[in-house]
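These notes are about the structure you will find just below.
The values are calculated or read from the model by the stated rules, or taken from the named source; none is laboratory data. Quantities reported herein were computed from a predicted structural model and do not represent experimental measurements. Here the Cβ positions follow ideal geometry from the backbone for every residue, glycine too, while neighbour counts run over all protein chains shown.
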Amino acid sequence: MTQSPAVISSSGSRTMATHPDSALVSDHGTTVIADSVVAKIAGIAARDISGVHALGGGASRAVSSIRERIPGQKTSVSQGVSVTVAEQEAAVEVSVIADYGVAIADLAQGIRANIISAVERMTGMTVTAVDVSVLDVYLPEDDDDSDSQQ
């Protein structure tokens, strides 16, 4: 008796794969892609869009700034990105700081299109949604103010 392949979700629960014709499920086995992998892909894709100054809100950027000062530590490329992966589908939420002067609606559309393209191309999953939250607008003089206060 042959069993359908099982997929282990990020919570550790096993669910039966319902898309046997998918690139992630074959007669020879199942490919499971972790949420963190999808988050990294989405984070890099979002950063590639002109007009994105940074990802994440103030708290996550502050933690990242501290982490960068520790020797050997790198910036988290998935900062500001949250994903939900279910079998063959992924939904992405991304929080960004936009550069001043950029058309925010166009920026969000560019981020959305780039994330969908990158995640679907690299994982074989279908991206069901990409929600973009613009948390702030970056002004170049913001850096000048922080430099003068230090």
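For segment 100-145: of the residues being of a type in the set (Asp, Glu), assigned to a helix (DSSP H, G or I) and at pLDDT 95 or above, which is farthest from the chain's Cα centre (by Cα)? If you could, list the steps in order and put the result at the bottom.
Of the residues in segment 100-145, the ones of a type in the set (Asp, Glu) are 106, 120, 131, 136, 141-145.
Retained after the next criterion (residues that are assigned to a helix (DSSP H, G or I)): 106, 120, 141-145.
Then drop every residue that is not at pLDDT 95 or above, which leaves 106, 120.
Values: 106: 19, 120: 12 Å.
Here the answer is 106.
Could you check how many residues of segment 51-72 are in a loop (DSSP other than H, G, I, E, B) and either among the β-branched types (Val, Ile, Thr) or modelled with pLDDT under 55 (or both)? Please lay out each step first, then the result.
So in segment 51-72, the residues in a loop (DSSP other than H, G, I, E, B) come out as 51, 56-57, 70-72.
Retained after the next criterion (residues that are either among the β-branched types (Val, Ile, Thr) or modelled with pLDDT under 55 (or both)): 70.
Final tally of qualifying residues: 1.
When the residues of segment 1-24 are filtered to those that are under 21 Å from residue 116 (Cβ atoms) and of a type in the set (A, V, I, L, M), which remaining residue is modelled with the highest pLDDT?
Looking at the filtered set, the residue picked out is 24.
Got at least one residue in segment 36-50 being at pLDDT below 95, in a loop (DSSP other than H, G, I, E, B) and either surrounded by fewer than 18 Cβ atoms within 10 Å (Cβ to Cβ) or within 17 Å of the chain's Cα centre (by Cα) (or both)?
For segment 36-50, residues at pLDDT below 95, in a loop (DSSP other than H, G, I, E, B) and either surrounded by fewer than 18 Cβ atoms within 10 Å (Cβ to Cβ) or within 17 Å of the chain's Cα centre (by Cα) (or both): absent.
Please go through segment 73-99 and give me each residue that is under 14 Å from the mean Cα position of the chain (by Cα), outside any loop (DSSP other than H, G, I, E, B) and β-branched (Val, Ile, Thr), ordered by number.
Within segment 73-99, 81, 83, 84, 85, 92, 94, 96 meet the criteria.
Report, by residue number, each residue of segment 76-113 that is of a type in the set (Gly, Ala, Ser) and touching a Gly at 6+ places or on another chain (Cβ under 7 Å). Walk me through it before giving the result.
First, pick out the residues of segment 76-113 that are of a type in the set (Gly, Ala, Ser): 76, 78, 80, 82, 86, 90-91, 95, 98, 101, 103, 105, 108, 110, 113.
Passing the criteria: 78, 80, 95, 98.
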